[in-house]
Every structure is written in structure tokens, then in C-alpha cells.
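What follows is a short report on a single structure.
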Amino acid sequence: MSLVTMREILPYAEEKKIAIPAFNIDTMEITQAILETVEEENCPAIIAVGQAAIKDGKLESLAATVRTLAKDMKTPVVLHLDHGQSVEQVVKALCAGFTSVMIDGSKLSFEDNIAVTQEVVRIANAAGASVEAELGAILGSEDKPFLVRVQDVIDFTAAVKVDALAVGIGNAHGLYKGRPNLDFQRLQEVRDVTDVPLVLHGGSGIPDDMIQTAIEIGIRKINVATEIRMAYVEGLLSGSANGDYYEMVKAGKASVKARAKSKIDLFLRK
Ligand code: 13P
């Protein structure tokens, strides 16, 4: 099946009151493991390429890998740019065949975030791709969180039509120190003022009960990067005893598959 956009799968998540996993891929082997898992589990999925992989020069090669492997799959898959940094980067991703892009204007002023998102929506929609924007800041677990403001959600969604909205509710990228401090009341207030599907970044290390609460309130996409990378490294190390490359890769992929399956079970409440 050819790649789809978030517009084809997020309404399904809303109907079923589940969250679609967005897995970041950093290598071809992780990509293979993730796509095998979503196909086996019959789970629609978002395959995200993030800024670390892009800095490592892999925007086009990872996109080509996803496009090639998805062709033989029955499960719908979105190829998504994670935390797009500029209009130029979005254009590059669209040229590489991405069917969905995030523009992260959260470090800009509110007005500039609206302006850059409007520009990205214009370009992405012309290319048939979906768009995710961000309000509030989702930083590292060491940083002070900047929570999404409810009035900003009202004004932003009135000014620009996006397909998904990432919200800062105390979530952070990387592993949390202790139990994360997620503001579910703020999430509920945001849900009450918009129908745009909401996205939870920083999905690694959030306890299962908090993930369930977030989904009950209305989170429809959850991003997981760190746990996937860690699972791959753990697997590689566990398979390294004989120094055989393919033994290691096999163990790495098996470990990624197990972690991805556990997230699918949780997000889709299987
Ligand atoms: P984690 O690395 O914390 O899973 O966050 C992933 C993410 O939000 C990517 O945008």
C-alpha cells in the first residue's frame, strides 16, 4: 500500500478513542523492525524521522527505505517529519516523499508560530501532505516546562487549520526523572476548546496509567523515540557475545519489535 497522511488515520483514532503510535526511526534496521511489527499487529502507524537522524544525513535514505518497505504492506503507514525546523526543511522532506510534516514554531513568538505554520500548511496541502504544529514547549526533561495556554489554542486553531496539534503539558523528550508531572487538567481544558487531534510528545518513560489517562482525555498520537533507540542498543549488546554482526542486528531488531509491540498494546488498548 502506498503511504497515507495523518488525515486518513487520525479520525480512526478518534472514533476508536485510541492513540496512533509515532515511532522515530534512526537506522534502516530500526525501520525494518518497526514496519514488521505494525504489519504483524495490523496497526496503523506514523513513522517519524527526527532532527538527530536528519543531522546524521539520513532524511532521504530513511524516506526511501520507508517508501520501499511500505509498498508491500497492508497496514496504512504515514511518513512524517518530526519537529520540522523551517519551511526549507519541510520542502526538502516533501520532495523526499514525506506524506506528513511537523513544523515546530514553539520557540518563535506566538504570531510568528502562526505565520510559519500557515506557510507550511499552504505548501504541504498543495503537496497532499498533512501538518502538525506545536503549542507550549516540549523540551528536554531537564528544562522548565512551558505549558500550552488554552487561549492560544483557540486563537491558533482559528488562524490556521492543522491536522494535529502537539501540546506541552509538562511532557519532555528523553527519560523522566521519577514520575512525570503531566497537567491533565490543562489537557482537558485544551480538549474542551478544539477538535483538532492532540499529540503527546516525549512518550518514552511515561507510566502506563498516565498514558491511559492522556488517551481517555483525547490524545490521538503519541511519539516514542528514546525507548526505541534504547531497545535497539540493548538488543545489539545482548547479541554481541560472538562478535557476529548479523547476530547483533537480529537481537537489536527483536528488542525493538518487543518494545514497539508493548506500545501498540498500550496505545490501542489491545
Ligand atoms: P521521546 O524520545 O521522549 O520518546 O520523545 C519522542 C518525541 O516526542 C519525538 O518528537
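In the chain, taking the dipole from charged Cβ atoms about the Cα centre, the farthest positive-side position among Ile154, Val249, Thr5 is held by Val249. Considering only Lys250, Lys55, Lys221, the mean-square fluctuation computed in a Gaussian network model of the chain, springs between alpha carbons under 10 angstrom, is largest for Lys55. Based on the Kirkwood approach, the hydrodynamic radius assigned to the stretch 88-134 is 10.5 Å, with every pair of different Cα atoms included. Taking N as the residue count of the stretch 19-146, its C-alpha radius of gyration divided by 2.2 N^0.38 Å amounts to 1.07.
Summed over the residues of the chain and divided among them, the accessible surface reaches 43 Å² per residue at a probe radius of 1.4 Å. Report summary: the helix-based calculation at 222 nm, which adds -39500 (n - 2.57) for every DSSP H run with n ≥ 4 and divides by the residues of the chain, gives -15500 deg cm²/dmol. How big is the gap, in Å, between the Cα center of the stretch 226-270 and the Cα center of the stretch 49-127? Cα centroid of the stretch 226-270 versus Cα centroid of the stretch 49-127: 26 Å apart. Hull volume per residue, based on the alpha-carbon atoms of the chain and their convex hull, is 121 Å³. When only Cα pairs below 8 angstrom with a gap of at least 6 residues are kept, the stretch 120-245 shows a relative contact order of 21 percent.
Kirkwood analysis of the stretch 146-238, using all unique Cα-Cα pairs, places the hydrodynamic radius at 14.1 Å. Applying the Kirkwood pairwise sum to the alpha-carbon positions of the stretch 1-84 produces a hydrodynamic radius of 12.9 angstrom. Expressed as a whole percent, the accessible area of the stretch 79-209 that falls on carbon and sulfur atoms is 52 (1.4 Å probe). Assuming charge only on the beta carbon of Lys and Arg (+1) and of Asp and Glu (-1), the dipole of the chain about its Cα centre is about 340 debye to the nearest 20. Once you've got the GNM for the chain with C-alpha springs shorter than 10 Å, pick whichever of Ala52, Ala241, Ala63 has the biggest mean-square fluctuation. With Cα springs under 10 Å in the chain, the top fluctuation among Ala52, Ala241, Ala63 is at Ala241. So which aspartates and glutamates can Lys16 reach, going by Cα to Cα under 20 Å and dropping same-chain residues fewer than 8 places off? Output for Lys16: Glu8, Glu39, Glu40, Glu41, Asp163, Asp192, Asp195, Asp208, Asp209, Glu216, Asp265.
The values are calculated or read from the model by the stated rules, or taken from the named source; none is laboratory data. Being a predicted model, the structure only gives us computed values, none of them experimental. Virtual Cβ from ideal backbone geometry, glycine too; neighbours counted across all protein chains shown. SASA here: full protein model, heavy atoms, side chains in, ligands and nucleic acids out. Shrake-Rupley method; radii C 1.70, N 1.55, O 1.52, S 1.80 Å.
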